Amino acid sequence: MNPYLDEDLVALGDHARRFAIDRIAPGFQERDKTRVLDRALMREMGAMGFIAPELPQAFGGQGLGCLAAGVVHEEIARADLSISYINLLASLNSQILSEHGRPEVVKPWLEKLVSGQALCAIALTEPRGGSDAGNLRLKVERRGDHYLINGEKTSISAADQADICVVFGRTGTAESAAHGVTALLVPMDAAGVTTRRFDCHGQRAIGRGSIFFENVRIPLDHRLGDENKGFVQVMRGFDFSRALIGLQVLAVARVALEETWDYVAQREAFGKPLSAFQGVSHPLADFDTQVEAARLLCLQALWLKDKGAPHSAEAAMCKWWAPKLAYDTVHQCLLMFGHGGYDRGPMEQRLRDVLGFQIGDGTAQIMKTIIARTRAGRAAVPA
């Protein structure tokens, strides 16, 4: 029994797993080759209620809570981490839109996100820096009834595939740092928006790239939160996505472990199963233990969020520990398969896919600073 998952959540997870096995897993490797995100599959996920189930019913969701989102999220990630980005981006961005956007502007988009009819990116990182996210250069100028955007965002997930994007830009002075940043909802078909896709090592179906803004006009009512306070207000939602990312990568590690345990129990050497040798079974047991513990931490963070309790430290722990642990686990599993794991196939693709989360969405160093500030106080851990 899991202390955080009741019978309804377990049933929801079983339902999502059956769908993931039948509809998502078969195209796992092909999507990596073609680098094409399956929009029809995304609509199927929406029709099944698997996208942002935590969103309130008033915005098209089911109001099931953040734990429900996590349960679905990890089952989709087991089958294909890139496809689970649909869930991650929808949950993060729908929270931002529903809490900080004008209902008449964001509600139609939220309904499309939940139904799988649209994909929303989030554009924070810029060419000159990622971790110092409050020190932005993208210029946002207020001109009468609209904002004018000029500049570049880079390393943006789904940059060339998104229909809309939450964009952070500078409306205040450079000296105002995070307190001079404004968030806007930008349709990706707006005049002046162009994109360039990278050739990334992993997560190739969802992809990453740059977004260029040249005199892009966005109405004032597309602002998310208050002017000059977008970073401070909107970034609070990242605790949710950090816990989801933990479950996302650990789901990959869990399925890798399951396959490896089965393999070493069947493969023989010197007249015994490989699992009979402690040099094989003990490393797997070590990783299995840590993965189970990390998963509980991620579920705890979502449980705390559902309860309205502080969870920034727990979410940061999920974000720095789980991606590294998942990579190390899959790496060990790959080695157990020998050349069969090293050859192009599910295991090496999983290794490539989970690696990216040690870079994006907040590095381990930033996450550990958040933990330290939570525990010791911000004044005791200066920037």
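Placing unit charges on the Cβ atoms of the charged side chains and taking the dipole of the chain about its Cα centre, the candidate lying farthest along the positive direction among ALA379, LEU224, HIS339 is ALA379. FRET efficiency for the pair HIS339 and GLU111, taken as 1/(1 + (r/R0)^6) with r the Cβ-Cβ distance and R0 = 51 Å, rounds to 0.55. Relative to the longest principal axis of the Cα atoms of the chain, the long axis of helix 364-376 lies at roughly 80 degrees.
Round to the nearest 10 and give me the degree value, 0 to 90, for the angle of helix 7-19's Cα axis relative to the longest principal axis of the chain. So the helix axis and the longest Cα principal axis differ by about 80 degrees. Shape of segment 7-118 from its Cα gyration tensor (a ≥ b ≥ c, root eigenvalues): rounded if a/c is under 1.5, otherwise prolate when a/b > b/c, or oblate? Here segment 7-118 falls in the oblate category. Between ASP22 and LYS139, full extension at 0.36 nm per residue minus the direct alpha carbon distance yields a gain of 37.6 nm.
Of ALA372, ALA294, ALA90, which is the most mobile in a GNM of the chain whose springs link Cα atoms less than 10 angstrom apart? Looking only at ALA372, ALA294, ALA90, the largest GNM fluctuation is found for ALA372.
For the chain, adding -39500 (n - 2.57) for each run of n ≥ 4 DSSP H residues and dividing by the number of residues yields -16500 deg cm²/dmol at 222 nm. Extension gain, THR34 to HIS179: 0.36 nm times the residue separation minus the Cα-Cα distance gives 48.1 nm. For the peptides 374-380, 151-157, 284-290, the ranking by mean Cβ contacts within 10 Å, running from highest to lowest, is 151-157, 284-290, 374-380.
A Förster radius of 35 Å, combined with the Cβ-Cβ distance separating HIS282 from ALA372, puts the computed FRET efficiency at roughly 0.60.
With a/c under 1.5 counting as rounded, go ahead and sort segment 122-227 into rounded, prolate or oblate using the C-alpha gyration tensor (a ≥ b ≥ c being the square roots of the eigenvalues; past the cut-off, prolate if a/b is larger than b/c, else oblate). It is oblate, given that a/c is not under 1.5 and a/b is not larger than b/c.
For segment 319-383 versus segment 203-233, the inter-centroid distance based on Cα atoms is 27 Å. Assuming a ≥ b ≥ c are the square roots of the Cα gyration tensor eigenvalues, decide whether the chain counts as rounded (a/c under 1.5), prolate (otherwise, with a/b larger than b/c) or oblate. Prolate is the answer for the chain, as a/c is 1.5 or above and a/b outweighs b/c. Take the alpha carbon atoms of segment 1-44, find their center, do the same for segment 65-101, and report the distance between the two centers in whole angstrom. Using only Cα atoms, the two centres lie 12 Å from each other. If the segment from ASP163 to PHE212 were pulled out straight at 0.36 nm per residue, it would be longer than the present Cα-Cα gap by 16.2 nm. Axis of helix 81-100 versus longest Cα principal axis of the chain: the two differ by about 30°, to the nearest ten degrees.
The value of relative contact order for the chain, using C-alpha pairs under 8 Å at least six residues apart, is 16 percent.
Around ASP361, what is the net charge, scoring Lys/Arg as +1 and Asp/Glu as -1 over all other residues with Cβ under 10 Å from its Cβ? Spelling it out: positives minus negatives among the neighbours equals +2. Counting lysine pairs in the chain whose alpha carbons fall under 16 angstrom apart, excluding pairs fewer than 8 residues apart on the same chain, gives 5.
Since every read-out is calculated from the coordinates, none of them should be taken as a lab result. Since the model is a prediction, treat every value here as computed from it, not as a measurement. For neighbour counting, all protein chains shown are included, and Cβ atoms are generated from backbone atoms with ideal geometry for every residue, glycine included.
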